């Protein structure tokens, strides 16, 4: 408690985020303390962890009053880094690190305001962008943070067991039901239930879920007795639910029930400033899990990790760091990367056969990404040609946000004006020149 006493003596207020930061620093120092036995270190780490858990429960009311207060400038007009600093200064609980990407900060600020309510939240984004982490952030910053958090992967439950898994069953309700069993909703009573991959839930399960959202009651399989449940609903998907609605595989009324608050997480390739932070964070996390010092990178490996596209997003980066920490020991090089993403050795960069092998993809993964980019560019050009260069119309046809479409056009160096009626599309050489 010395760290708290010192701060109290100054008479200044210390935010929950600052306390957590100091506790994490203390834990890092203890982890590699040379003069203490491992038994003593583990005991101190456990005490620091308990203190950290207590701090996370403090001052919810004050935190939300601060979050609701006005600011001198709109958040979008604050200098780079200031939005992130102010968010943490408001005692925003976040397990991990994040950068200054505006789209991510938008999502975090919406989550901060939504957390103290009981409104349903729908989170979408590509696989591996951190949707479950965002669900835990909403739970940790809400009034239910000391209550259960139950996660359900809707895509991993067989169709025949969905109702039993979510709502439970009575003994003898079906073959194999030897005892009464609670469902996920009962287990999450008073807390938060996270419905991951909600787009994978079949239509019969969607009907049952909609009834629960409307009545706040469930019925176990094999029972007519209603059971009241009080759960905060957070759902996530990597699919376009509006497209699934149009195809008839997702209920529109359920979509609107779930998406009272709607968050979109940007992919890691749009959050390049975050990669160095994540590399350091997961290197430390892997070191703690493997009971060894954090792995170091050769310059070539670091350059690769900073510039790699990460199609699997944050999850892929985390798994890479665990792999490197396990296989490399103290110093990791590109040879410790998975073979399908490993760059070509430097000695082969010019090609041993003299036919320009440097222009070829250096790995299967890179070849797939190049092919995907080419298909994406061809689709955008064909679409712009069909709509006469109208970005708004193409966005409407593709059910895509206009700003996201503009970003894709900029990525490929495509100018919509080149496709307006009466003007032919640019030649390949001109397009490549525009892209650079």
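Does any residue of the range 151-162 turn out to be part of a strand (DSSP E or B) and touching a helix residue (DSSP H, G or I) at 6+ places or on another chain (Cβ under 7 Å)? The answer is yes, given that some residue of the range 151-162 is part of a strand (DSSP E or B) and touching a helix residue (DSSP H, G or I) at 6+ places or on another chain (Cβ under 7 Å).
The residues in the range 329-339 that are part of a helix (DSSP H, G or I) and surrounded by 18 or more Cβ atoms within 10 Å (Cβ to Cβ) can be counted, and the count is 2.
Beta carbons closer than 6 Å, at least 6 apart along the sequence or on distinct chains, pair a first residue in the range 164-181 that is within 21 Å of residue 213 (Cβ to Cβ) with a second that is assigned to a loop (DSSP other than H, G, I, E, B) and modelled with pLDDT of 75 or more for 165/157; 166/183; 167/183; 167/220; 168/183; 168/220; 169/220; 169/222.
Just one residue in the set 213, 195 is within 14 Å of residue 121 (Cα to Cα), assigned by TED's automatic domain parsing to the domain that holds residue 123, surrounded by fewer than 16 Cβ atoms within 10 Å (Cβ to Cβ) and in contact (Cβ under 8 Å) with a residue 40 or more places away in the chain; that residue is 213. Considering the range 212-272, the qualifying strands (runs of 3 or more DSSP E), each wholly inside and each with 3 or more residues that are under 14 Å from residue 200 (Cα atoms), run over 232-237.
Restricting attention to the range 255-276, the residues that are out of contact with any helix residue (DSSP H, G or I) (no Cβ under 9 Å at 6 or more places or on another chain) and more than 29 Å from residue 232 (Cβ to Cβ) add up to 1. The residue list 130, 142 contains one member that is over 18 Å from the mean Cα position of the chain (by Cα) and surrounded by 17 or more Cβ atoms within 10 Å (Cβ to Cβ), which is 142. Looking across the range 392-406, the residues that are surrounded by fewer than 18 Cβ atoms within 10 Å (Cβ to Cβ) and in a helix (DSSP H, G or I) come down to 392, 393, 396, 397, 402, 403, 404, 406. Residue 252 falls short on exactly one of the conditions (1) surrounded by fewer than 18 Cβ atoms within 10 Å (Cβ to Cβ); (2) within 21 Å of the chain's Cα centre (by Cα); (3) assigned by TED's automatic domain parsing to the domain that holds residue 193, and that condition is (2).
Is at least one residue of the range 225-237 in contact with a strand residue (DSSP E or B) (Cβ under 6 Å, 6 or more places away or on another chain), free of Cβ contacts under 8 Å to residues at least 12 places away in the same chain and surrounded by fewer than 17 Cβ atoms within 10 Å (Cβ to Cβ)? Within the range 225-237, one or more residues are in contact with a strand residue (DSSP E or B) (Cβ under 6 Å, 6 or more places away or on another chain), free of Cβ contacts under 8 Å to residues at least 12 places away in the same chain and surrounded by fewer than 17 Cβ atoms within 10 Å (Cβ to Cβ).
Scanning the range 279-320 for residues that are outside any helix (DSSP H, G or I) and in contact (Cβ under 8 Å) with a residue 24 or more places away in the chain yields 292, 293, 294, 295, 296, 297, 298, 308, 309, 310, 311, 312. The set of residues in the range 125-149 that are more than 24 Å from residue 316 (Cα to Cα) and either assigned to a loop (DSSP other than H, G, I, E, B) or touching a strand residue (DSSP E or B) at 6+ places or on another chain (Cβ under 6 Å) (or both) comprises 139, 141, 142, 143, 144, 145, 146, 147, 148, 149.
Just to be sure, is residue 155 surrounded by fewer than 21 Cβ atoms within 10 Å (Cβ to Cβ) and at pLDDT below 85?
The answer is no for residue 155.
The values are calculated or read from the model by the stated rules, or taken from the named source; none is laboratory data. This is a predicted model, so every value here is computed, not measured. Note: ideal-geometry Cβ built from the backbone for every residue, glycine included; neighbour counts use all protein chains shown.
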